[in-house]
Amino acid sequence: MGLDRLPRQPLGCWPTPVQPLDRLSAHLGGPKLWVKRDDLAGLAFGGNKTRKLEFLVGEALARGCDTLLTAGAAQSNHCRQTAAAAARCGLACHLALGGEAPQEADGNLLLDHLLGAQIHWCGAHRKGEDLPTLADRLSRAGRRPCVVPYGGSSALGAAGLAAGLRELQAQALRPTHIVFASSSGGTHAGLLAGRALAGLPTEIWGIRIDKEEAPDRPFQAEVAELARSCAERLGLPADPGLSEVRLFEDWLGRGYGVVGAAEREAVGLAARLEGLLLDPVYTGRAFAGLLDLIRRGAFRPEDRVLFWHTGGTPALFPYRRELLQQD
Ligand SMILES: *Cc1c(COP(=O)(O)O)cnc(C)c1O
């Protein structure tokens, strides 16, 4: 099978646990809930990018690259996991981060520094607009850079989540729905490709986190295209199910990374009822969406709903003020 033939650099601790959320399920009076703990993926506080990076770094090493180069927001979990992967593999790491250097590094940014990444502040460019220029500069300085795409979301990166779905299948939980935070689309695409690979009937429901999209291509089309190209990489025949992208966008709030009452409630509820830490930007917002879907009656009582915890917990600390605010 295609998945096993791709070069893959081991970085995480697999399988990540699947745990029941019985107290939350009872509190909500809805379907039974479980969580897939990719926040425990094992590489420098974990997260879903570790799955993508196993394939992206596998290819970078096969190509003889000596430097990883990627981009994101100042509190990017993807950048932190890329920096950790580079350190693990003896590669240099350059990060193109949006915004300006803050007075004090906190959360993921603190970890980027500890992990030895070199940081380039890029102002309004938080999605990799400056990567080609930086790659050029590194090449001219004699380095062999590998550009890791924004969010690790390419056909190859998405293969990591297809592998994740296969891992879940071996854990013998048969969820009717998988719900997760969707931002650059690779997670959604990989889960769709993985579902096609496994031939599962599971609903794959993405909760959209970031409303920005390319002017010429709506996000839904982007995810469908990524899913198709990932499936092709895995040697799957064209699957009609891949173009059916279920995305919910009612919880975009006041924009990416703006924490409000909904995120506060979700983070607080998971923490107090389950001892489970979500993050304020991604999993907190996605879980707020899940709570809302349950309250609106989107599930039947007999449904089995798996929340895929995609990580991000280091961002709890820089968001301390927003998280403790009284509503
Ligand atoms: C990157 C990220 C996501 C979104 O994954 P995509 O593949 O970019 O859609 C969700 N949660 C966390 C914590 C992330 O860091």
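In units of the rule-of-thumb radius 2.2 N^0.38 Å, the range 82-235 shows an alpha carbon radius of gyration of 1.18. Proximity of backbone amide H atoms, modeled 1.01 Å from N, is registered between F307 and W34, V35, K36, V179 at under 5 Å, excluding neighbours fewer than 5 places apart on the same chain.
Dividing the Cα radius of gyration of the chain by 2.2 N^0.38 Å, with N the residue count, gives 0.95.
Comparing L134, L114, L21 in a Gaussian network model of the chain where C-alpha atoms under 10 Å apart are linked, the largest mean-square fluctuation is found at L114.
Whole-percent P(r), the range 89-128, all Cα pairs, 10 Å bins from 0: 29, 56, 15, 0. Convex hull volume of the C-alpha atoms in the range 154-311, normalised per residue: 116 Å³. Spread over its residues, the convex hull of the C-alpha atoms of the range 221-327 is 153 Å³ per residue. Highest GNM mean-square fluctuation among E249, E129, E104, for the chain modelled with Cα contacts below 10 Å: E104.
As a proxy for reagent exposure, W121, W34, W308 were ordered by neighbouring Cβ count within 10 angstrom, fewest first; the result is W121, W34, W308.
Entry note, the range 1-66: relative contact order of 39 percent, from Cα contacts under 8 Å with a spacing of 6+ residues.
Here the range 159-229 is treated as a sphere whose radius is the Kirkwood value from Cα pairs; by Stokes-Einstein at 10 °C and 1.306 mPa s it diffuses with a coefficient of 127 µm²/s.
Mean separation of Cα pairs under 8 Å and 6 or more residues apart, divided by the residue count, gives the range 242-305 a relative contact order of 30 percent.
Going from the fewest other Cβ atoms within 10 Å to the most, the residues F317, F307 appear in the order F317, F307.
Counting neighbouring beta carbons within 10 Å and listing from fewest to most, the residues I207, I119 come out as I119, I207. Farthest towards the positive end of the charge dipole of the range 205-307, among the residues G257, G206, A270, is the Cα of A270, using unit charges on the Cβ of Lys, Arg, Asp and Glu. Between the range 116-151 and the range 248-327, the C-alpha centres lie 32 angstrom from each other.
The convex hull built on the alpha-carbon positions of the range 105-179 has an orientation-averaged projected area of 8.0 nm². Annotated for the chain: lysine pairs at least 8 residues apart or interchain, Cα distance under 18 Å, count 5. Quick check: from the Cα gyration tensor, does the range 60-136 come out rounded (a/c under 1.5), prolate or oblate? In terms of gyration-tensor shape, oblate. Each distinct pair of alpha carbons in the range 176-265 adds a 1/r term; the inverse of their mean, the Kirkwood radius, is 13.8 Å. Per residue, the convex hull around the alpha carbon atoms of the range 1-118 comes to 141 Å³.
Bear in mind that the values in this text are calculations on the coordinates, not laboratory data. Bear in mind the structure is a predicted one, so any value in this text is a computation, not a measurement. We place every Cβ from the backbone using ideal geometry, glycine too, and count neighbours over all the protein chains shown.
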